[in-house]
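Worksheet: the structure to be examined is printed underneath.
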Amino acid sequence: MNFLTHLHLADISKTHLVANLAGNYVTAPIANAPMPLRQGLWLSQEINALCASHELTQELLELFPAQLKIIAADLMYVSFDHYLAYYWEEYHHLPLHEFSQKAYEELAQFSAQTDDYHPQRLLNLFADMRREDWLNSYATPKGIQQALTQRAKNHPQSALFKGADKILAKMQIETETAFRTFYPQLMAYTRIWSRKTPSDYLPE
């Protein structure tokens, strides 16, 4: 999933906010991570695995043009962040701008340390995220374009992202329907996983 969705799922499951996001970038073993991060890193993996395999997301991915199959998952995740931001008040009790400030503060605290579980590539993203206010911008067309540009960086097929915002606009009904159907299920799964986390990953 993309940034806002991971942060939101971490918050509603009452798990480590930044660790859930860091799970997309940390490759070191969870068992060796600082104890406060383990549950969030594990939960991030479970979320990503479900998103990659669920029939609703698989069906949506099949609807993208054949030439964009290699970046279809990236486009789907950006669209999901967009709809989460757009309908935010239905999914969280705090206004998005308040939640974003809370997240940015925790991201800044996380960035105070650099190691295998605080990778520099991720910390650099945090700096850009706060400066450009990615989390609040996801609800806007400009924010979608900004997210696609970020996804294109360092992607081996970065040229495919050119004009991808127009593809998402054409697929608005399909992507929004998939999000509105799938995301409540993902929220429920996340809360269940937070209660069934392996004991070795639970904070002391």
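What residue, of Ala164, Ala152, is open to solvent by less than 70 Å² (accessible area, probe 1.4 Å), over 23 Å from Leu9 (Cα atoms) and under 16 Å from the mean Cα position of the chain (by Cα)?
Details: Ala164 fails: under 16 Å from the mean Cα position of the chain (by Cα).
Being open to solvent by less than 70 Å² (accessible area, probe 1.4 Å), over 23 Å from Leu9 (Cα atoms) and under 16 Å from the mean Cα position of the chain (by Cα) holds for just one of Ala164, Ala152, which is Ala152.
Among Leu37, Leu56, which is the only one that is touching a residue at least 60 places away in the same chain (Cβ under 8 Å) and over 28 Å from Lys162 (Cα atoms)? Write out each step before concluding.
On the way: Leu56 fails: over 28 Å from Lys162 (Cα atoms).
Every option except Leu37 fails the conditions.
Open to solvent by 50 Å² or more (accessible area, probe 1.4 Å) and more than 20 Å from Leu75 (Cβ to Cβ): does that describe His93? Yes: the conditions hold for His93.
When the helices (runs of 4 or more DSSP H) confined to the range 119-182 are screened for residues that are among the basic types (Lys, Arg) and touching a helix residue (DSSP H, G or I) at 6+ places or on another chain (Cβ under 6 Å), those reaching at least 1 such residues are found at 120-132, 141-152. Residue-level check: of (1) within 23 Å of Asn124 (Cα to Cα); (2) part of a helix (DSSP H, G or I); (3) of a type outside the set (Val, Ile, Thr), Asn24 misses just (2).
Evaluating Arg191 against the criteria (1) out of contact with any helix residue (DSSP H, G or I) (no Cβ under 6 Å at 6 or more places or on another chain); (2) farther than 19 Å from Cys51 by Cα; (3) open to solvent by 20 Å² or more (accessible area, probe 1.4 Å) leaves one unmet condition, (2).
Quick one: would you say Phe64 is open to solvent by less than 10 Å² (accessible area, probe 1.4 Å) and over 18 Å from the mean Cα position of the chain (by Cα)? Walk me through it before giving the result.
Details: open to solvent by less than 10 Å² (accessible area, probe 1.4 Å): yes; over 18 Å from the mean Cα position of the chain (by Cα): yes.
So Phe64 fits the description; yes.
Taken together, Phe99, Phe126 contain a single residue that is touching a residue at least 60 places away in the same chain (Cβ under 8 Å), open to solvent by less than 40 Å² (accessible area, probe 1.4 Å) and under 30 Å from Pro36 (Cα atoms), which is Phe99.
Selection of the range 71-96 for residues being without any contact (Cβ under 8 Å) to a residue 40 or more places away in the chain and either outside any loop (DSSP other than H, G, I, E, B) or touching a helix residue (DSSP H, G or I) at 6+ places or on another chain (Cβ under 6 Å) (or both) yields Ala72, Ala73, Glu89, Glu90.
Only one of Asp115, Asp200 is over 17 Å from Val78 (Cα atoms), open to solvent by 20 Å² or more (accessible area, probe 1.4 Å) and not in a helix (DSSP H, G or I). Can you tell me which?
Values: Asp200 fails: not in a helix (DSSP H, G or I).
Unique residue meeting the criteria: Asp115.
Is it the case, given these coordinates, that Thr181 is of a type in the set (Ser, Thr, Tyr), farther than 22 Å from Asn24 by Cβ and in contact (Cβ under 8 Å) with a residue 40 or more places away in the chain? Please lay out each step first, then the result.
Numbers: of a type in the set (Ser, Thr, Tyr): yes; farther than 22 Å from Asn24 by Cβ: yes; in contact (Cβ under 8 Å) with a residue 40 or more places away in the chain: yes.
When the stated conditions are applied, Thr181 passes them.
The values are calculated or read from the model by the stated rules, or taken from the named source; none is laboratory data. Keep in mind that this is a model prediction, so the values were computed, not measured. Methodologically, a virtual Cβ is constructed for each residue, glycine included, from the backbone with ideal geometry; neighbour enumeration extends over all protein chains shown. All accessible areas refer to the heavy atoms of the entire protein, side chains included, with ligands and DNA or RNA removed. Shrake-Rupley method; radii C 1.70, N 1.55, O 1.52, S 1.80 Å.
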